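Right, one structure below, let's go through it.
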Amino acid sequence: MSTQAVAVTPRAARVRPDWMRGWRRRETLVAWLFILPSLIGFTVFYLVPAIRGLYISFTDWDLLSTPTFVGADNYRNLLQDGDFRHSLWVTLYYVLLNIPLQTMLGLIIAVVFDRFVHGSGWRSLLLLPWLMPNVIVALLFLWLLDPGLGIFNVFLDAIGLPKQSFFGSVGQAMPTIAGVNIWRFVGYTALLILAGMQRIPKDVYEAGAIDGASETRMFFNITLPLLKPVLTFVLVTSVVGSFQIFDTIAVTTKGGPVDATRVINWFIYQQAFERFKFGYATAASLILFVILVIVSLVQMRLLNANESDLA
Amino acid sequence: MADLAVPQPAEIEARRTRRGPRIERDRTGAWIVLALLVFITLFPFYWALRTALSTQRDLLSDPTNLLPVGFTWASFKAALGMISAEASVAAGGSGRVFHFWRYLGNTFLVSTLVAVGQTWFSAMAAYAFARLHFPLRNQIFTIFLASLMVPGIVLVIPNFVLIHDLGWINTYQGIIAPGFLMSPFSIFFLRQFFLGINRDMEEAAKIDGAGYFEIFWRIILPMAQGPVLMLGIITFITQWNDYLWPFLVGRAENVRVLTVALSVFRSQTPNGSPDWPGLMAGTLLASVPIMVIFIFMGRRLSESIQFTGVK
C-alpha cells in the first residue's frame, strides 16, 4: 500500500525515471490503451495521409492509373503557372480585405461588451453567425445581395444609387465574400478578445478612471497592451483560417467571375477533382502549407517582439 | 470581500463629478453599437423567413415590403415533402425535389456519430496526456499539436484517395471515418480542462485501490462534465456545418447531408430566376437544429469558446 502511494505522486516518479518497474509498466500499458484509438485515428487520417500527400506531390497521377514519379516537376511547374500565382494573389487580397476589418470590428464590439454590456445573454448573440454553416450563410447573402431583387439593391435603388452586382462583378466579388465572412466571424473574434479583456483586473481601470483617463486613452494604454497574447492567438488562427477560404466561394462564385475569386483552395480543388491532376493539386496544397507556416511564424515573431518593450 | 483597491469615498465623489457626463456619452455610443449588432446579426434570418413565406411571383412585383408578400406556407411544405412537386410548381416553386427529411436524417446520423466517437476517444487520450506517465508522451502530444497547423486541404486529397481505395465513396463510414476517432483540437481542449482538475480525489481513489479506468470514468469525466458536453456539441455543430469533405465523398442522394443538398439544390435552380422562397425555406429548415442548440446552449457555448482563446 505504501509503495503504491509513493508511486502515484508524480514528483516521485520524475526523480526516478526508470519506468521499467512493475507499477510503471502497468501505467504505461494503460496509457497506451487510452491513447490507442486516437493514435490509430491520427496515424490513418493524419500522419499517413501527410506522408502519402508528400509522395503524391512528386508524381503525375489521375487517381486511376499508376502514378508516374516526376521528381520536383509539379513544384517547378506550379511556380511558373500564372493561374497558380494569380490564385496566391487573390487569396492574399482576400486575407487583407478580411482580417484587418474583422479584427478591428471585433475589438470595438469586445470593448463595448466589456465596459458597458453586462449579462451573458447578449454575449451569446455574438456566436450565432459563427454557428451557422458556411453554406447557409452564403445562401442567405446570395439572396440579400441578389443583383435584381436582393434587398440591398432594392434599398440602393430606393435612395437613388445604382444597383450593384456584388457576387457577379469582377471588382466586387472578393470584397463581397470578405464582407460575408466578416459577418460570420466578427462575433466569434469579439468573443475571444472579450475573454482576454475580462482577465484584465478591474482595478486597473478604476485607477485609470480616478486619474481622469478617458475610455479611449484607457483602451490604448491599458487594454491593448495587456491583450497582446489573446490578440496574437486570434490573429494567427484567423489568418490561417482566412487563407483557407473555400465553402463560401464554392456556393457563390465558384472562382468567378472570370478568375476573380479563384483562391488557392479553389485552384487546388479544381486541379484535383475537376482535372484529376492529383500530383499537381497536392503539390499546390503543400506550398500553401509552407506559406501558412511562414506567415504564422512571422506573425508570432512580430507580435512577440513588441511584447518585451511593454513589459 | 475586503478589497484594498476600493477607492475612498472622496475619490469616488471626485470621479463621479469628473467622469459623469463622459460615461453617459460613451454609453449612448455603446447602445448604438449594440443595436446595430443585433440588427445586422438577425436581419438576414428575418429576411430569409419573410422570403420563404412569400410567393415567388409576388416577390418580383413587391420586393420592398418588410412582411411576406402573397403569404403562403407552400415553400416550407414543399421542402418538407408535404405537398407534391406539381402543387409546389403551381404555387410558384421550382418543383425540384428537396428530400429534407432524408438529408436531415443523414446529417443527424453523421454528426451524432462523429460527436460521440470523437469526444469519447479524445477524452480517453486527453486523460492519458494529462495524468499518466508513459514513454514518448510529450513527443506524441507535440506531433498531435503540430498537426493543427496543417491546412485541411493537404489531408483532404490523400484522405479522399484512401476512402476511394477502400470503396467507401458514397457511404456513411466514408463521411464519418476521418473524424470518428480523434481530432487534435478535441484532445488539446480536453487535456487543458483535465489538467486543471484537482488531484486530491484521484489520489484518494488510488489509495482506495481504484484503477485508471475507474478514475477516468468516476472522477475525471464527472468533474469535467460541462467541458466534455460542450466539446461534444461543438464537434456536432462542426460536423453539421462541414461541406467540402461530405461533398467529395458523399454526394449520392442516399447519404447526402444538408449542406451538400443545399448547394446541389442551389446549383440545380436556373440561374435567371432561382426559386428563392424554396431555397430560403430549405436554408432555414437546415439551420433549425443549430438554432435550437443556440437557444438552449448559446450562453454556455460562448463561455467554452472563450476558454479556447485564453488558454
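The values are calculated or read from the model by the stated rules, or taken from the named source; none is laboratory data. Quick caveat: nothing in here was measured; it's all calculated off a predicted structure. No Cβ is skipped: glycine too gets one built from the backbone with ideal geometry, and neighbour counts run over all protein chains shown.
Just to check your reading of the model, which residue among B:Ile32, B:Ile23 is surrounded by fewer than 18 Cβ atoms within 10 Å (Cβ to Cβ), of a type outside the set (Ser, Thr, Tyr), closer than 30 Å to A:Met218 by Cα and at pLDDT below 75?
Details: B:Ile32 fails: at pLDDT below 75.
B:Ile23 is the lone residue from the list that is surrounded by fewer than 18 Cβ atoms within 10 Å (Cβ to Cβ), of a type outside the set (Ser, Thr, Tyr), closer than 30 Å to A:Met218 by Cα and at pLDDT below 75.
Which number in (1) closer than 30 Å to A:Leu105 by Cβ; (2) in a helix (DSSP H, G or I) marks the one condition that B:Thr64 misses?
Here B:Thr64 clears every test but (2).
Restrict the check to the range B:180-190 and report whether at least one residue is over 27 Å from A:Trp32 (Cα atoms) and outside any helix (DSSP H, G or I).
No: the range B:180-190 contains no residue that is over 27 Å from A:Trp32 (Cα atoms) and outside any helix (DSSP H, G or I).
What number goes with the only condition from (1) crowded, with 16+ Cβ neighbours inside 10 Å; (2) within 14 Å of chain B (Cβ to nearest Cβ); (3) within 29 Å of A:Phe276 (Cβ to Cβ) that A:Ser65 does not pass?
Result: A:Ser65 fails condition (1) only.
Condition first: modelled with pLDDT of 90 or more, surrounded by fewer than 17 Cβ atoms within 10 Å (Cβ to Cβ) and within 15 Å of the chain's Cα centre (by Cα). Can you find one or more residues in the range B:234-256 that meet it?
So far as the range B:234-256 goes, no, none of its residues is modelled with pLDDT of 90 or more, surrounded by fewer than 17 Cβ atoms within 10 Å (Cβ to Cβ) and within 15 Å of the chain's Cα centre (by Cα).
Could you look through the range B:287-301, keep only residues that are in contact (Cβ under 8 Å) with a residue 40 or more places away in the chain and touching a Leu at 6+ places or on another chain (Cβ under 7 Å), and pick out the one that is surrounded by the fewest Cβ atoms within 10 Å (Cβ to Cβ)?
B:Ile290
Which condition from (1) crowded, with 23+ Cβ neighbours inside 10 Å; (2) more than 9 Å from chain A (Cβ to nearest Cβ); (3) more than 30 Å from B:Tyr127 (Cβ to Cβ) is the one that B:Leu262 breaks?
(2)
Among the listed residues A:Ala195, A:Ala178, which satisfies the condition of being assigned to a helix (DSSP H, G or I), under 24 Å from A:Arg262 (Cα atoms) and either out of contact with any His (no Cβ under 6 Å at 6 or more places or on another chain) or outside the structural domain of A:Val111 (by TED's automatic domain parsing) (or both)?
Matching residue, one of A:Ala195, A:Ala178: A:Ala178.
Checking the conditions here, which among B:Glu303, B:Glu253, B:Glu214 is among the acidic types (Asp, Glu) and facing chain A (nearest Cβ under 9 Å)?
B:Glu303
If you take the residues in the range A:139-194 that are closer than 30 Å to B:Phe307 by Cβ and of a type in the set (Gly, Ala, Ser), which one is nearest to the other protein chains (Cβ to nearest Cβ)?
My answer is A:Gly187.
Given the residues A:Pro100, A:Pro147, which is the only one that is surrounded by fewer than 18 Cβ atoms within 10 Å (Cβ to Cβ), in the same structural domain as A:Val180 (by TED's automatic domain parsing), over 18 Å from the mean Cα position of the chain (by Cα) and of a type outside the set (Lys, Arg)?
The match here is A:Pro147.
Tell me which helices (runs of 4 or more DSSP H) are completely within the range A:208-289 and hold 2 or more residues being more than 30 Å from A:Pro67 (Cα to Cα) and at pLDDT below 90, or say none if there are none.
In the range A:208-289, A:215-218, A:228-243 are the helices (runs of 4 or more DSSP H) which contain 2 or more residues that are more than 30 Å from A:Pro67 (Cα to Cα) and at pLDDT below 90.
Which ones in the range A:285-295 are more than 11 Å from A:Leu54 (Cα to Cα) and either facing another protein chain (nearest Cβ under 7 Å) or small (Gly, Ala, Ser) (or both)?
A:Leu288, A:Phe289, A:Leu292, A:Val293
Taking the range A:117-138, which residues are more than 7 Å from every other protein chain (Cβ to nearest Cβ) and either touching a Lys or Arg at 6+ places or on another chain (Cβ under 7 Å) or among the charged types (D, E, K, R) (or both)?
Correct list: A:Trp130, A:Val137.
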